[in-house]
Amino acid sequence: MITEYILNAIFAAIPALGFAMVFNVPKHALIYCAFGGAIAYTSRIILQDLNVPLELATFLASTIIGIVALYWSRKFIIPRPVYTIASIIPLLPGTFAFSAIINLIEMNAHGVTPELINLFIENGLKTIIILGGIGLGLAFPSLYNIRYNRAIS
Amino acid sequence: MKKITYEEQTKITRAIIKAAVLMLEFGAESKLIEETAQRLGNALGIDSVEMSLIPSAIVLSTLSNNQTQSVTTTRRAHHKPINMSIVCDVQKMCHNIEKEKQDVDFIFKALKEIQPNYYNRWLVMFMVGLSCASFAYLTGGDISAFFITFIASTLAMFTRQELAKRKFVMIITFAFTAFVATIVAGLSQIYELSSTPNVILSASVILLAPGFPFVNSVLDAVKGYLAMGWGRWMQAVLLTVATSIGIILALALLSLKGW
């Protein structure tokens, strides 16, 4: 049980690290990106084990990573997306998005059947909701600090 | 308060917009761009800095001498592959100016000295291959899926770097990279090397996921930069479509999945 969590955390840290390198993140921030990926993925698994649905678990996991990154960015004076975007890479709905595309191709090649439409809508919907959950989850912690308090000038 | 001449203010405006364009081109969030511009302006003795951001350009006005003197300028931004180290360097420069009370020339000098922090390309290839392989593991692939994904995405990353070196447009780079990745992954399905072929096919193209444009578009939109949000959303959709075209071409060539 615990070893499985740790193994998953390590395998989630590797993509975060690899993609951080593609985005040319500064060297000293790399280790935090790896930690972020591990935190995001592990918290999603824990939430899923507590019977939270996948979409909501993704949203909460990215909210957690948003809060953690808020703390890190203040500590090291580095813009927040540097940490957050590498960290949410392991949460991306790659398989759902890919299946949706394949469903579209099959519909074009073999004709449209109700089963294919069902599959396409299911996969496409999952992709869109998970992507939206990631984006909004990352945005919420920073929105908390914005207030409508501009003086009339 | 010291008077700023028109020439001085023009120079300051040029420096600020240069920093802002650099941040926009390499993929910074809109709020960060605006805040950095305003902080630079304040540090250099400008009353206020107002800017209008659209995905392809920046319009920036500075006001000084008790808001009686205004300089406005526009710059075109050409989007380049995401590079966070440049964004971080610009922000660090802004921080230094505030802390050490530097002048305008410092900005020009610092911007000229910014070097992108490139990692060793073979290391990046290896790490990206390993990343996609981990993805295959996380989505439930078997051990041979792990290694085939590693090979496919390492080759794909090599292609992407070669195309990026030749300064191709991102859409072409993405389509061609997806093509290469899917050819390798599809060959493994034809020769039945793994029991989970779909995992390989989807994990080997994950290196093309446009995470930065998607997340930045949501972040911009919720913070009130609606035009930027739409622009980045469109960019992300275009890159996804390009990736899909590459995948479809490769599948058609291998006559897999119904083609």
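The values are calculated or read from the model by the stated rules, or taken from the named source; none is laboratory data. Keep in mind the model is a prediction, meaning the values are calculated, not measured. Note that each Cβ is placed from the backbone with ideal geometry, even for glycine, and that neighbours are counted across all protein chains shown.
For the range B:103-139, the set of residues classified as crowded, with 16+ Cβ neighbours inside 10 Å and either without any contact (Cβ under 8 Å) to a residue 24 or more places away in the chain or in contact with a strand residue (DSSP E or B) (Cβ under 9 Å, 6 or more places away or on another chain) (or both) consists of B:PHE106, B:ALA110, B:TYR119, B:MET127, B:LEU130, B:SER134, B:TYR137, B:LEU138, listed by residue number.
Residue-wise test of (1) crowded, with 23+ Cβ neighbours inside 10 Å; (2) closer than 20 Å to B:VAL104 by Cα.
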{"site": "B:GLU7", "(1), (2)": "no, yes"}
{"site": "B:VAL21", "(1), (2)": "no, yes"}
{"site": "B:LEU60", "(1), (2)": "yes, yes"}
{"site": "B:LEU63", "(1), (2)": "no, yes"}
{"site": "B:THR72", "(1), (2)": "no, yes"}
{"site": "B:PRO81", "(1), (2)": "no, no"}
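Only one of the numbered conditions (1) in a loop (DSSP other than H, G, I, E, B); (2) among the aliphatic types (A, V, I, L, M); (3) buried (at least 24 other Cβ atoms within 10 Å of the Cβ) is not met by B:ALA156, and that is (1). On inspection, B:ASP142 does not qualify as surrounded by 22 or more Cβ atoms within 10 Å (Cβ to Cβ) and among the charged types (D, E, K, R). Report yes if B:THR240 is assigned to a helix (DSSP H, G or I), among the hydroxyl-bearing types (Ser, Thr, Tyr) and more than 30 Å from A:LEU143 (Cβ to Cβ), otherwise no. When the stated conditions are applied, B:THR240 does not pass them. When the range A:101-115 is limited to residues that are among the aliphatic types (A, V, I, L, M) and at the interface with chain B (Cβ under 10 Å from one of its Cβ atoms), the one that is surrounded by the fewest Cβ atoms within 10 Å (Cβ to Cβ) turns out to be A:ALA109. The helices (runs of 4 or more DSSP H) located wholly in the range B:81-151 that include 1 or more residues which are at the interface with chain A (Cβ under 9 Å from one of its Cβ atoms) occupy B:84-100, B:121-138. Being free of Cβ contacts under 8 Å to residues at least 60 places away in the same chain and facing chain B (nearest Cβ under 10 Å) is a property that A:LEU7 has. No other residue among B:LEU219, B:LEU249 is assigned to a helix (DSSP H, G or I) and surrounded by fewer than 18 Cβ atoms within 10 Å (Cβ to Cβ) apart from B:LEU249. Every listed requirement among (1) crowded, with 20+ Cβ neighbours inside 10 Å; (2) within 19 Å of A:GLY66 (Cβ to Cβ); (3) touching a residue at least 40 places away in the same chain (Cβ under 8 Å) is met by B:SER204 save one, (2). Taking the range A:116-153 as the range and being exposed (fewer than 12 other Cβ atoms within 10 Å of the Cβ), of a type outside the set (Ser, Thr, Tyr) and modelled with pLDDT of 80 or more as the test, only A:ASN118 passes. Only one of the numbered conditions (1) without any contact (Cβ under 8 Å) to a residue 60 or more places away in the chain; (2) more than 10 Å from every other protein chain (Cβ to nearest Cβ) is violated by B:ALA209, and that is (2). Of everything listed in (1) farther than 21 Å from A:PHE96 by Cβ; (2) more than 13 Å from chain A (Cβ to nearest Cβ), the single unmet condition for B:SER195 is (1).
Within the range B:185-227, the set of residues being under 18 Å from the mean Cα position of the chain (by Cα), of a type in the set (Gly, Ala, Ser) and either under 20 Å from B:SER244 (Cβ atoms) or modelled with pLDDT under 85 (or both) comprises B:ALA209, B:GLY211, B:SER217.
For the range B:211-222, check the following and say yes or no: at least one residue is touching a Lys or Arg at 6+ places or on another chain (Cβ under 8 Å) and among the charged types (D, E, K, R). Yes, the range B:211-222 contains a residue that is touching a Lys or Arg at 6+ places or on another chain (Cβ under 8 Å) and among the charged types (D, E, K, R). Looking at the range A:80-88, can you tell me whether even one residue there is over 23 Å from A:LEU125 (Cα atoms), free of Cβ contacts under 8 Å to residues at least 60 places away in the same chain and more than 9 Å from every other protein chain (Cβ to nearest Cβ)? Yes: the range A:80-88 contains one or more residues that are over 23 Å from A:LEU125 (Cα atoms), free of Cβ contacts under 8 Å to residues at least 60 places away in the same chain and more than 9 Å from every other protein chain (Cβ to nearest Cβ).
Taking residues in the range A:17-46 that are more than 11 Å from chain B (Cβ to nearest Cβ), and partners anywhere that are among the aromatic types (Phe, Trp, Tyr) and part of a helix (DSSP H, G or I), the pairs with Cβ atoms closer than 7 Å and at least 6 places apart or on different chains are A:TYR32/A:TRP72; A:TYR32/A:TYR83; A:GLY36/A:TYR83; A:THR42/A:TYR5.
The combined condition, being more than 10 Å from every other protein chain (Cβ to nearest Cβ), surrounded by fewer than 18 Cβ atoms within 10 Å (Cβ to Cβ) and part of a helix (DSSP H, G or I), is not fulfilled by A:ILE65. Looking at (1) surrounded by fewer than 21 Cβ atoms within 10 Å (Cβ to Cβ); (2) assigned to a helix (DSSP H, G or I), find the lone condition where A:VAL82 falls short. Only one criterion in (1) surrounded by fewer than 21 Cβ atoms within 10 Å (Cβ to Cβ); (2) assigned to a helix (DSSP H, G or I) is unmet by A:VAL82, namely (1).
Look at (1) surrounded by fewer than 19 Cβ atoms within 10 Å (Cβ to Cβ); (2) within 12 Å of chain B (Cβ to nearest Cβ) and you find that A:PRO93 fails only one, number (1).
So is B:SER244 at pLDDT below 85 and hydroxyl-bearing (Ser, Thr, Tyr) or not? So B:SER244 does not fit the description; no.
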